[in-house]
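Step one of this worksheet: look at the structure below.
Throughout, read-outs are computed from the coordinates displayed, never taken from laboratory work. Please read these numbers as outputs of a predicted model, since none were measured by experiment. Here the Cβ is made from the backbone with ideal geometry for all residues, glycine too, and neighbour counts use every protein chain on show.
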Amino acid sequence: MECEWAIEEAKKTGLVVAATMAMAKTGCFNGWPPGQCAVRMARAGAQVVGVNCVFDPDGTLTTIKKMKEALDAEGLKPFLMTQPNGFMCPGTGKHGYTSCPEYPFAMDSRVCTRIDIHKYARAAYELGVRYIGGCCGFEAHHVRAISEELAKERGRWPEGSKKHEMWGGGNIHSTLPHVRARVGKDYWMSIVPSSGRGPASHPLNPKPEDG
C-alpha cells in the first residue's frame, strides 16, 4: 500500500507521523476495507491514523468507526483523526462528493451548516477521535463550531466566539417574534435545513452509487 511507503519515509524524519486516507466506508481503491487500512498504517509506524476529505461528516464517521473497531481488535492504539469535506453528499459511492452532479461549481447548497459540524464534532469525540478537523469546503465558522462544541473538553472558549452568543444567546437579532422564538440549542439541533430548491425528486439530486 502506497501509504505504508509514505509512512516509512516520514518516520525517517524523527517526527510524529500522521497518516490519513480518503476512502469510502467500503474501503480504498485497491480493495482494502477501512479497518485493514488502519491496521496496516498503524503497524507501519503512524502514531495518528484516520480518514480525510472526499466524504461528508456522516460518511467519515462511519469509516473511522470501522477503523477504530479493527485497531481495537488488534490491540493497536494510535490517535485517531477525521477531516471530512464540508459538503453533505449522502448516497455517493467510492468517489464521494465528486459524484454529485453539482460538483465542482454548484456545491453551495450542499455546504454543511454549523449545526451539522457541532453534531459531527461531538460524535467524533465520543468515538475517541482527538484530531477533529475538516478538509475541502470547510470554512472558519465550521472550525469555530468544532471548538465551541468541545470547549468544555478543551478547557477554554474559542477566541473567535467572544463576539457572539451560541444558539442566538438571549437576544437573536430580529424584531420578529417568530424569529426571536428560535433562540436556544434545542431548536437549532433539531432543525433539518432545506436548500429551497425543490423536492427530493429534483434532477440535481444524485442517485446512490454502488460502493
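May I ask for log10 I(q)/I(0) of the stretch 2-190 at q = 0.15 Å⁻¹, from a Debye sum over the Cα atoms as equal point scatterers with solvent left out? Each listed q maps to, in turn, -0.93.
Against the chain, whose longest principal axis is taken from its Cα atoms, helix 2-11 shows a tilt of about 80°.
Cβ-Cβ distance of residue 6 and residue 190, R₀ of 41 Å, FRET efficiency by 1/(1 + (r/R0)^6): the value works out to about 0.45. When the stretch 2-190 is described by a simple charge dipole with +1 on each Lys and Arg Cβ and -1 on each Asp and Glu Cβ, the residue from 121, 31, 10 located farthest towards its positive end is 121. Scalar couplings 3J(HN,Hα) for the stretch 58-75, obtained by applying the Karplus form with A = 6.51, B = -1.76, C = 1.60 to θ = phi - 60°, are 5, x, 5, 5, 4, 5, 5, 5, 5, 5, 5, 4, 5, 5, 4, 5, 9, x Hz; x denotes Gly and Pro. Axis of helix 34-44 versus longest Cα principal axis of the chain: the two differ by about 50°, to the nearest ten degrees.
Please compute the net charge surrounding residue 79, taking Lys and Arg as +1 and Asp and Glu as -1 over other residues with Cβ under 13 Å from its Cβ.
Values: positive: 68, 77, 130; negative: none.
Spelling it out: positives minus negatives among the neighbours equals +3.
Amide H contacts of residue 28 (H built 1.01 Å from N, in plane; Pro and chain starts excluded): no residue 5 or more places away or on another chain comes under 5 Å. As a rough footprinting exposure proxy, the listed residues 60, 113 were ranked by other beta carbons within 10 Å of their own, and the order from fewest upward is 113, 60. Annotation: amide H of residue 80 within the under-5 Å range of 49, 130, 131, sequence separation 5 or more or interchain, hydrogens built in the peptide plane.
The lysines within cross-link reach of residue 185, meaning a Cα-to-Cα straight distance under 25 Å and a gap of 8 or more places when in the same chain, are 119, 152, 162, 163. From least to most packed, judged by other beta carbons within 10 angstrom and beginning with the fewest, 7, 64 follow the order 7, 64.
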